[in-house]
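The values are calculated or read from the model by the stated rules, or taken from the named source; none is laboratory data. None of these values were measured; they are calculated from a predicted model. Note that each Cβ is placed from the backbone with ideal geometry, even for glycine, and that neighbours are counted across all protein chains shown. Ligands, DNA and RNA are excluded from the accessible area calculation, which covers all protein heavy atoms including side chains. Shrake-Rupley method; radii C 1.70, N 1.55, O 1.52, S 1.80 Å.
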Amino acid sequence: MASGLLATRGLLAFGFQYQHACRSVVITQTRHKKRWMRSYERIMAEKLKMEGPSPPKRRSEKPNWDYHAEVEAFGVRLQENFQLERLKTAFVNPCYVRTEQEKRGALGLDPEVAALNLKDNLELQTKGQAFIQGFLSDWVRASFPSLPAEGTAALVSHLMGPEVACHVARNLGVEDLTMSAEFPVPDEVLYSTFCAVVAALEESSGPQRAGLFLRDFLTAQLIGKDLFDVWSVVNPMGLLVEECTRRGLPLPEPRLLRSAGVSTVLPLYFVGLYCDKKLLAEGPGETLLAAEEEAARSALRKLYCYTESCRPLDFSPISPQTTSQATTTQQALSSG
Amino acid sequence: MTSRGTPSRFLKSVLQNGVGRYVCQLKRISLVFSKNAQSSLGARHFIEEGVVDFAKKNPGTVVYISPEPCRIPRIVAEYLNGTVREEAITSKTSQQISELVTKMANQSGLDIIRIRKPYHTDSPSIQGQWHPFTNRPPADGFIRPPGKETSS
């Protein structure tokens, strides 16, 4: 009763605040400690623990998303001129088209009325993959001319593999724009979207610009990588013998150069490989076999010119004057 | 907290940015502000004067403006490597917001924590890193501690 009287007075009694939404509606709120808050928070925490965290949402399902602006910005950010229609087609995956059609069918819509006007990126995918394969093989052969065919193939398959290509695609913002059935986008879908984007670039700006794009983003992932991290060689000594016979060099002879701490827990052996009495390479190891293997690897690195001290890869920008003269891959290759 | 207690990282770039071509790492920036509140005054001025210039200078960044009832106006920046950074711009002037937004556009999305070394190289040694056996003449037998040489 008394509180009712005080309420009509609109006073700050018992911590009540009043806001008039209009003349007849009064909203009350209390700003002090809310006693129900603790049990509510406890219940929500238990619910979270029981059900686990909520599944990740696509960026397009979160607020502030304008697809057309995003696609345009994607092209401008990479300093490439894309034909926007082709680029948008490149992002549409067949799994997405299938799920969309199923959803529309499930909604009971007439198929002709609610036809999905989206073309998927299957042909762009195959074109892009073929182009990337061709460009990367040419680039590796031009950058490392002494590398044999297996080495070239290993480097190309490393660069086209899911780890490197998907890592590049994720950090270029391709995942946000990809339209796929599942989220987070699985690696194969992301990889095929990336190939499709490269094909779209080739169609829009020509194979030269597409080659430069791949050189700048994909081949730069080789920086800091050792040859044998990328190419797993089981028998380096055998490979070295093959390489020496191919070049007409005498077969390498291993000799123990120095050893230290032989009777201790951590022995150290330095084995050197001699071709015709001249030192080819030396390598350290805990056992004689390990040291010989390491020496063989070191010798292979020297023969293939893939050492840490070799000339770094060339990423210099191409001036517009020379674009008209050189051919497609030659342009990108001549600088790297 | 000491540097051992706080997180730290080495100097690196996202995807070797700058080696091939430089890509602005900021992919979208959202400005959340209130239409009437006092704290969003600077944000409203920035939207009137400065945001279009910023968008023109950074054509690779998508700028979103969302007026909504909020007590704290903020800028949400999303970077290419997935990092999302939120900065409150309560009671900042238009000039300060413009500087902040330029600073965010120049950052990559890597964590703002202590950088252990201000340099990084992928080829630390050209002639081969020194180890105790470099330039040491090979010994005949096992390498032993010095002190066994006699004057004979």
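Miscellaneous remarks
- For the stretch B:15-152, a crude dipole built from +1 on the beta carbon of Lys and Arg and -1 on the beta carbon of Asp and Glu, taken about the Cα centre, is about 120 debye to the nearest 20.
- Here the Gaussian network model covers chain A, with springs between Cα atoms less than 10 Å apart; of A:20, A:158, A:68, A:20 fluctuates the most.
- Dividing the mean sequence gap of close Cα pairs (under 8 Å, 6+ apart) by how many residues chain B holds gives a relative contact order of 31 percent.
- Accessible surface buried once B binds A (1.4 Å probe; total of both sides; Å²): 3000
- Rel. contact order, % - alpha carbon contacts under 8 angstrom, at least six apart, chain A: 15
- Amide H contacts under 5 Å for residue B:28, placed H, 5+ residues apart: B:62, B:78
- Scaling against 2.2 N^0.38 Å puts the C-alpha radius of gyration of the stretch A:162-318 at 1.48.
- Normalising by residue count, the stretch A:165-241 has a Cα convex hull of 135 Å³ per residue.
- Added length on full extension, which subtracts the Cα-Cα distance from 0.36 nm per residue, residue B:91 to residue B:117: 5.8 nm
- Dipole in debye (nearest 20) - the stretch B:33-113, about Cα centre, beta carbon charges: Lys, Arg +1; Asp, Glu -1: 120
- Spacing of the modelled spin labels on residue B:64 and residue A:57, each 7 Å from Cα toward Cβ, amounts to 1.0 nm.
- Shielding by partners, peptide B:26-34 (average Cβ within 10 angstrom, other chains): 3
- On the protein assembly as shown, 55 percent of the accessible area sits on carbon and sulfur atoms, based on a 1.4 Å probe.
- Chain B: most fluctuating residue of B:89, B:65, B:97 per GNM, C-alpha cutoff 10 Å: B:65
- Put a plus charge on the Cβ of each Lys and Arg, a minus charge on the Cβ of each Asp and Glu, and nothing anywhere else: the dipole of chain A about its Cα centre is then about 1880 debye.
- Note, ³J(HN,Hα) from phi for the stretch A:56-66, Karplus 6.51, -1.76, 1.60, rounded to Hz, x at Gly and Pro: x, 9, 5, 5, 5, 8, 8, x, 6, 9, 10
- Tilt relative to chain B, helix B:94-106 - C-alpha long axis, 0 to 90 degrees, to 10: 40
- Computed over chain A with a Gaussian network model linking Cα atoms closer than 10 Å, the most mobile of A:75, A:238, A:134 is A:238.
- Largest first, the residues A:22, A:275 sort by 1.4 Å accessible area into A:22, A:275.
- Estimated vicinal HN-Hα couplings, Hz - the stretch B:21-33 in sequence order (Karplus 6.51, -1.76, 1.60; Gly, Pro = x): 9, 8, 10, 5, 7, 7, 9, 8, 9, 10, 10, 9, 8
- Of the residues in the stretch A:202-249, those shielded by at least 10 Å² of accessible area once partner protein chains are present, compared with the chain alone at a 1.4 Å probe, are A:216, A:217, A:220, A:221, A:223, A:224.
- Rg(Cα) / (2.2 N^0.38 Å) computed for chain A, rounded to two decimals: 1.60
- Placing dummy labels 7 Å off each Cα toward the beta-carbon, the span from residue A:266 to residue B:1 is 3.3 nm.
- Virtual spin-label span in nm between residue A:316 and residue B:13, 7 Å along Cα→Cβ: 1.7
- Accessible area per residue for chain A, computed on protein heavy atoms with a 1.4 Å probe, is 57 Å².
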